[in-house]
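Coordinate-derived values only; no laboratory data. Being a predicted model, the structure only gives us computed values, none of them experimental. We place every Cβ from the backbone using ideal geometry, glycine too, and count neighbours over all the protein chains shown.
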Amino acid sequence: MVAPLKVGLAGLGTVGASVVTLIERQREALAARCGRAIEVVAVSARSREKARAADVGGLRWVGDPVALARDGEIDVFVELMGGEGDPAKAAVEAALAAGKSVITANKALLARHGVALAALAEARHVALNFEAAVAGGIPIVKTLREGLVGNQLARIYGILNGTCNYILTRMEQERLSFAECLKDAQRLGYAEADPSFDIEGHDTAQKLAILASLAFGTKVDPDAVYVEGISSITPADLDAADELGYRIKLLGVAMATEKGIEQRVHPTMVRKDSAIAQVMGVVNAVTVDADAVAAITLVGPGAGGMATASAVVSDIGDVARGVRTPPFGCPSARLSVSERAPMQRHEGGYYIRMLALDRPGTFATIAGRLSEQQISLESIVQRHRGTRPHGGDNPASATEPVPVILITYATTEDAIRKALAAVERDEVISGTPQVIRIEKN
Ligand SMILES: NC(=O)c1ccc[n+]([C@@H]2O[C@H](COP(=O)([O-])OP(=O)(O)OC[C@H]3O[C@@H](n4cnc5c(N)ncnc54)[C@H](OP(=O)(O)O)[C@@H]3O)[C@@H](O)[C@H]2O)c1
């Protein structure tokens, strides 16, 4: 009989409580599949008195998570407290230093300290598994680290933040404003009281930095990611996208270019018939472009107690089976330095929405500025005054500016910025143009 794998678990919130419940529920199946029983033997959280969503009454309580991490009875330490600093960092370091494998769902910790923690795990010949840290229940870490090991990857991109996708979906389907949808997301518990980390793209950037490391063998570095959020997207953009055959998604994209690995997070136009465009609401999705397998897309819940617990338990199962790989796919000493994407050299198609002043020569001026930068247009849509794309009268007067939407062929960010700055200087448009990058898919 192989001895059970004894688990110490710090954090009994949404994910931690679900992990305790799932291990209990799947007790026999896990023992059969992993070749040994998995038992949670000790737990830690901030408050011992708090009512828990799981039955932890029979489990040993350890007040200090760092002491639990070093506890002599446990074989593996599961960190589900969150936060890039202590006690999560100190506890994970203590467990690894004590020669215990660690499982964490903590993207913030991994984005900041992942490489150093991976080096520590490798030096102690233990596992550092973090399937739940990116895209919740979707097994993308294992897919990259193991399933696609024989492929060369060209690009990985995904919808990695359910809150943003929920907001964009509601805006698109119900023609609501960003502010209205954000309020609903907060009411339903999808968005935090301070939603800026999600809607400004920083949550996606942390997850993308981890995926880029796994996909391209670079050091995890969230500061190397170019980030733009979704708060400037309007129903007019979603309408225009729809008419032109696109949807707008907040994507995290990492791709190999001649200038290195480009990592960026921004609102993106994706073709309506692509797999990623079908992903609606709080769901997450990741597409990988790989040379041998071509493109694959994984879709599923990116958050939620049980879905995230599914990923954590899979990681615990690997430790029980004795499966251990370098945390970021290749040994940490071989990870290359990632540099911040030079966005001005980004190449691709662009959507531009601007309000053109209705006077002779406006279009010739705009066309001239685009042509100076060798930008060619795939389509031009000019809204007629008095119509709205989804019906209804627009009581605009004859002197109001006219919305114009341009779709460009592939060009560079630098060219787009220069052309639009010149158009603004020419005073032929009202306000600042909206610019959204188009992702080929
Ligand atoms: N929720 C999701 O859907 C989801 C999805 C993917 C990844 N994650 C990640 O999973 C981790 C946990 O998230 P969660 O949603 O479960 O968080 P949560 O519900 O806020 O739970 C956090 C738990 O950690 C404990 N804790 C916090 N600070 C502590 C401290 N200083 N000392 C001891 N215990 C402490 C809390 O104790 P008390 O209960 O006593 O306050 C609580 O039990 C985070 O890294 C998060 O990013 C979550």
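Computed on the stretch 10-168, with alpha-carbon pairs under 8 angstrom and 6+ residues apart, the relative contact order is 16 percent. Across the stretch 36-50, rounded Karplus estimates of 3J(HN,Hα) from the backbone phi angles (6.51 cos²θ - 1.76 cosθ + 1.60, θ = phi - 60°) give 7, 6, 10, 10, 7, 10, 8, 9, 8, 7, 6, 10, 6, 7, 4 Hz, Gly and Pro being marked x. Exposure proxy ranking for 112, 324, 187, 345, based on other Cβ atoms within 10 angstrom of each Cβ and starting from the fewest, stands as 187, 345, 324, 112. The charge dipole of the stretch 21-159, taken about its Cα centre with unit charges on the Cβ of Lys, Arg, Asp and Glu (plus for the first two, minus for the last two), comes to roughly 280 debye. Relative to its Kirkwood radius, the Cα radius of gyration of the stretch 264-311 gives an Rg/Rh of 1.02. Calculated FRET efficiency, residue 376 to residue 223, Cβ-Cβ distance, R0 = 41 Å: about 0.75 to the nearest 0.05. For the chain, the Cβ-based charge dipole about the Cα centre amounts to some 720 debye (Lys, Arg positive; Asp, Glu negative; other atoms uncharged). Quick check: the distance between the Cα centres of the stretch 403-438 and the stretch 190-238, to the nearest angstrom? Centre-to-centre distance over Cα atoms comes out at 24 Å. Can you give me the relative contact order of the chain as a percent, contacts being Cα pairs under 8 Å and 6 or more apart? Taking the mean separation of contacting Cα pairs over the length of the chain, I get 16 percent.
For residue 67 and residue 180, the difference between the fully extended length at 0.36 nm per residue and the C-alpha to C-alpha distance is 36.1 nm. Going down the table (183/207; 142/183; 207/418), which pairs top 27 Å between alpha carbons? Beyond 27 Å: 142/183; 207/418.
The value obtained for the stretch 310-353, namely the Cα convex hull volume divided by the number of residues, is 171 Å³ per residue.
A simple rule links phi to the HN-Hα coupling: the Karplus curve 6.51 cos²θ - 1.76 cosθ + 1.60 with θ = phi - 60°, which for the stretch 137-142 gives x, 7, x, 7, 5, 5 Hz, with x for Gly and Pro. Along the charge dipole of the stretch 118-257, which of 127, 162, 181 sits closest to the positive end, that is, farthest toward it, with unit charges on the beta carbon of Lys, Arg, Asp and Glu (+1, +1, -1, -1)? Result: 127, furthest along the dipole toward the positive end. 3J(HN,Hα) along the stretch 295-304: 9, 10, 10, 10, 10, x, x, x, 7, x Hz, from the Karplus curve 6.51 cos²θ - 1.76 cosθ + 1.60 with θ = phi - 60°, whole Hz, x for Gly and Pro. Ranking 211, 266, 226 by Cα position along the charge dipole of the stretch 202-281, where only Lys, Arg, Asp and Glu carry charges on their C-beta atoms, puts 211 farthest toward the positive end. Sites listed here are GluC sites (Glu not before Pro) in the stretch 137-187 whose DSSP assignment is loop and whose Cβ has at most 16 other Cβ atoms within 10 Å, and the list is empty.
Between the beta carbons of residue 25 and residue 363, assuming R0 = 56 Å, the FRET efficiency works out to 0.30 to the nearest 0.05. Taking other C-beta atoms within 10 Å as the exposure proxy, 194, 55, 75 rank 194, 55, 75 from fewest upward. In the stretch 7-62, a dipole from Cβ-located charges (positive for Lys and Arg, negative for Asp and Glu) runs towards its positive end, and of 16, 26, 54 it is 16 whose Cα lies farthest in that direction. Estimated from helical segments only, the mean residue ellipticity of the chain at 222 nm is -10000 deg cm²/dmol, where each DSSP H run of four or more residues counts as -39500 (n - 2.57). The alpha-carbon positions of the stretch 1-156 define a convex hull whose volume is 132 Å³ per residue. Hey, got a sec? Which GluC sites (Glu not before Pro) in the stretch 211-313 land in a DSSP loop and have at most 13 other Cβ atoms within 10 Å? When the GluC sites (Glu not before Pro) of the stretch 211-313 are filtered for loop state and at most 13 Cβ neighbours within 10 Å, 258 remain. A DSSP coil position with no more than 13 other Cβ atoms inside 10 Å describes the following GluC sites (Glu not before Pro) in the stretch 42-137: 49, 73. Rounded to the nearest 20 debye, the dipole size of the stretch 279-344 about its Cα centre is 180 debye, using +1 on the Cβ of Lys and Arg and -1 on the Cβ of Asp and Glu. The distance linking the stretch 1-76 with the stretch 86-144 is 17 Å (Cα centroid to Cα centroid, whole angstrom). The residue 296 and residue 232 beta-carbon pair, evaluated with R₀ = 25 Å, returns a calculated FRET efficiency of approximately 0.20. Put simply, the convex hull of the Cα atoms in the stretch 195-299 casts, on average, a shadow of 7.5 nm².
Length available on full extension from residue 6 to residue 275: 0.36 nm per residue minus the Cα-Cα distance, which gives 92.8 nm.
Quick check on the chain: what does the Kirkwood estimate of hydrodynamic radius come out to from the alpha carbon pairs, in Å? Every distinct Cα pair counted, the radius reaches 23.5 Å.
The calculated pair-distance distribution of the stretch 15-76 uses every alpha carbon pair, bins of 10 angstrom beginning at 0, and gives 20, 50, 27, 3 percent.
Within the straight-line cut-off of under 19 Å between alpha carbons, the lysines reachable from residue 100 are 6, 89, sequence neighbours fewer than 8 places apart in one chain being disregarded.
The length gained by stretching the chain between residue 340 and residue 193 to full extension, at 0.36 nm per residue less their Cα-Cα distance, is 49.9 nm.
Here 247, 48, 353 are placed in order of increasing Cβ neighbour count within 10 Å, fewest first, which gives 48, 353, 247. A straight Cα-to-Cα reach below 20 Å connects residue 259 with the lysines 219, 440, residues fewer than 8 places away in its own chain not being considered.
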